[in-house]
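Data block below; observations after.
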Amino acid sequence: MANIPQIVLNDGSAIPQLGFGVYKIPEDETVDAVLTALEAGYRHIDTAAFYENERAVGEAVRRSGLDRDEVYVTTKVWWTENGYDSTLRSFDASLERLGFETVDLFLIHWPAPAHDRYVDSWRALERLQEEGRVRSIGVANFHIHHLQRLSAETSTIPAVNQVELHPWLPQEEVRGYDAAQGIVTEAWAPLARGRVLDDPVLAGLAAKHGVTPAQVVIRWQLQLGNVVIPKSSTPQRIRQNLEVFDFELDADDVAAIASLESGERTGKDPDDLG
């Protein structure tokens, strides 16, 4: 079993640095995928209300034979539910679907600034943490100006900012701001939804280290200090994505990956959604 590093968050709790994402895994396939991940050694599962597979994630955790406190579970409130009362209702519904008493990390999924309700959502997350129903609270897809507004209008700094982050979009400014504020950066679409894996630079690095291009990118993410949540429903790839602790990228490798930056996103810009 891989010895996955833990990162201590600004609230004192710890998050496994490498996790398993379940975005776009159909609910009827999620139990098997999560069980495969847990058997391989993952101890961090990332889901969301929007993914419509929270119930299956909870079922997989129960069927795994692991104690609940051995598996770190993240879920999120969807942007259409931003707002104080609606976020609390969304959390209650997520908790019911998961079948848990608490969630390890609860995130605002998107700021949806045009609706101007994410600060109210954040106040709801603060309440959930105060009540002990959530261990840690954070955000996803927040630009620096969204984070600055939270800082100006509320009293809690997010523990995590989960953003699209891959070799095409390394998010240096966001990572720098997060680090300065004590916020851990977490990467979704860490492989650019697989699109970056055909790049010849990554193929060359994979050949150099005797690994796959996906393993190169995941290793790069870890060396940047990010939490990373690759997703796959293929058992072999689920296991391979965890086998990234027996090699290290050198400075030349990291520079080569830096050359791939293009600013290209696979998802929406956070200022444009909603």
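The values are calculated or read from the model by the stated rules, or taken from the named source; none is laboratory data. Computed from a prediction, not measured in an experiment: that's the story for all the values here. A quick note on method: Cβ atoms are made from the backbone with ideal geometry, for glycine too, and the neighbour counts reach across all protein chains shown. Keep in mind that these areas ignore ligands, DNA and RNA; they rest on the heavy atoms of the full protein, side chains included. Shrake-Rupley method; radii C 1.70, N 1.55, O 1.52, S 1.80 Å.
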Looking at the stretch 46-67, I want the residues that are free of Cβ contacts under 8 Å to residues at least 60 places away in the same chain and have a partner that is of a type in the set (D, E, K, R) and in a loop (DSSP other than H, G, I, E, B) with Cβ atoms under 9 Å, at least 6 apart or on another chain. Which pairs are those?
Tyr51/Lys24; Leu66/Arg43
Name the one entry in Arg239, Arg193, Arg265 that is over 16 Å from Gly21 (Cβ atoms), touching a residue at least 12 places away in the same chain (Cβ under 8 Å) and of a type in the set (Lys, Arg).
Arg265
In the stretch 182-204, is there at least one residue being modelled with pLDDT of 95 or more, of a type outside the set (A, V, I, L, M) and more than 30 Å from Thr234 (Cα to Cα)?
yes
Restricting to the stretch 182-230, and then to whatever is charged (D, E, K, R), crowded, with 17+ Cβ neighbours inside 10 Å and in contact with a helix residue (DSSP H, G or I) (Cβ under 9 Å, 6 or more places away or on another chain), can you tell me which residue is farthest from Lys268 (Cα to Cα)?
Arg219
Please indicate, with yes or no, whether at least one residue in the stretch 8-24 is modelled with pLDDT of 95 or more, over 25 Å from Gln223 (Cβ atoms) and either small (Gly, Ala, Ser) or in contact with a Leu (Cβ under 9 Å, 6 or more places away or on another chain) (or both).
no
Just checking, does the stretch 194-206 include any residue being assigned to a helix (DSSP H, G or I), within 18 Å of the chain's Cα centre (by Cα) and over 25 Å from Ala255 (Cβ atoms)?
no
Considering each of Ser233, Ser262 in turn, give the residue that is modelled with pLDDT under 95, over 15 Å from the mean Cα position of the chain (by Cα), more than 30 Å from Gln129 (Cβ to Cβ) and open to solvent by 20 Å² or more (accessible area, probe 1.4 Å).
Ser233
Please specify each residue of the stretch 129-179 satisfying the condition of being more than 30 Å from Val201 (Cβ to Cβ), small (Gly, Ala, Ser) and open to solvent by 30 Å² or more (accessible area, probe 1.4 Å).
Gly132, Ser151, Ala152, Ser155
Taking the stretch 101-118 and keeping residues crowded, with 20+ Cβ neighbours inside 10 Å and either aliphatic (A, V, I, L, M) or assigned to a loop (DSSP other than H, G, I, E, B) (or both) leaves Val103, Leu105, Leu107, Ile108, His109, Trp110, Pro111, Ala112, Arg117
Taking the stretch 210-263 only, how many residues are small (Gly, Ala, Ser) and not in a helix (DSSP H, G or I)?
7
The residue that is nearest to the chain's Cα centre (by Cα), considering only those in the stretch 8-29 that are in contact (Cβ under 8 Å) with a residue 24 or more places away in the chain and surrounded by fewer than 15 Cβ atoms within 10 Å (Cβ to Cβ), is Lys24
